[in-house]
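Notes follow the structure.
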């Protein structure tokens, strides 16, 4: 996985820190970290990888909440996330 630098304390830095340790995030889970508009932040990170000609490790998996709402869970490929082996997981 390519290592890019993100400004310490920024939303992308927080996301990178969480996901690179094998974690995953949904929009609701990102709110306590003061990350708004998670989907936009993920698109920004993907663009940063593309601009650096690096392979983007971002992956997604669709999740349905207990009340039937469909949401997206984001995680990094190759970082030990339990969702990586799910057949529904796909590259972002």
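Every number here is computed from the coordinates shown, using simple stated rules; none is lab data. For clarity, every value in this text was computed on a predicted model and none was experimentally measured. Methodologically, a virtual Cβ is constructed for each residue, glycine included, from the backbone with ideal geometry; neighbour enumeration extends over all protein chains shown.
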**Q.** Packing-based ranking, highest mean first, of 31-42, 63-74 given that Cβ atoms within 10 Å are counted
**A.** 31-42, 63-74
Q) How do 44, 53 line up, fewest other C-beta atoms within 10 Å first? A) 53, 44
Q) What list do you get for 4, 19 if you sort them by fewest beta carbons within 10 Å? A) 4, 19
Q | Cα-based helix-to-principal-axis angle, 38-51 vs the chain, degrees rounded to 10 | A | 40
Q. Radius of gyration and Dmax for the chain's Cα atoms, expressed in Å?
A. 12.7, 40
Q) What are the semi-axes of the equivalent ellipsoid for the stretch 31-71, taken as the square roots of 5 times the Cα gyration tensor eigenvalues, largest first, in whole Å? A) 25, 14, 7
